[in-house]
Amino acid sequence: MKEFHCGSLVPGCEWHTRHEEEAEIMRRVVEHMRETHGETIIRETMVEAIRSRIEKVRDAA
């Protein structure tokens, strides 16, 4: 399981997501960045910043 916390990129944002697949996390994060933070263009540098903040987490029991 992998997880992304938006607050690690956008201070103060409480949104987070988790999924088995990094590609699905990226899809969700890009959607969130567009809808919530008004990002119209997701540049490669932002993709790299997002990817670097995706963490592996142990599955909740």
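The values are calculated or read from the model by the stated rules, or taken from the named source; none is laboratory data. None of these values were measured; they are calculated from a predicted model. Cβ sites come from the backbone with ideal geometry, for glycine too, and all protein chains shown count toward neighbours. In case anyone asks, the SASA skips ligands and DNA or RNA and just uses the protein heavy atoms, side chains included. Shrake-Rupley method; radii C 1.70, N 1.55, O 1.52, S 1.80 Å.
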How far apart, in nm, are two points set 7 Å out from the Cα along the Cα-to-Cβ line at ARG27 and at MET1?
-> 2.0 nm
Taking the Cα centre of the chain as origin and charging only Cβ (+1 Lys, Arg; -1 Asp, Glu), how large is the dipole, in debye to the nearest 20?
-> 100 debye
What accessible area per residue, rounded to a whole number of Å², is obtained for the chain using a probe radius of 1.4 Å?
-> 71 Å²
If you line up the Cα atoms of the chain on their principal axes, what length do they span on each, largest first, in Å?
-> 37, 22, 17
Share of carbon and sulfur in the accessible heavy-atom surface of the chain [1.4 Å probe, %] | 47 percent
Using helices alone, what [θ] at 222 nm do you get for the chain, with -39,500 (n - 2.57) per DSSP H run of 4 or more residues, divided over all residues and rounded to the nearest 500?
-> -13000 deg cm²/dmol
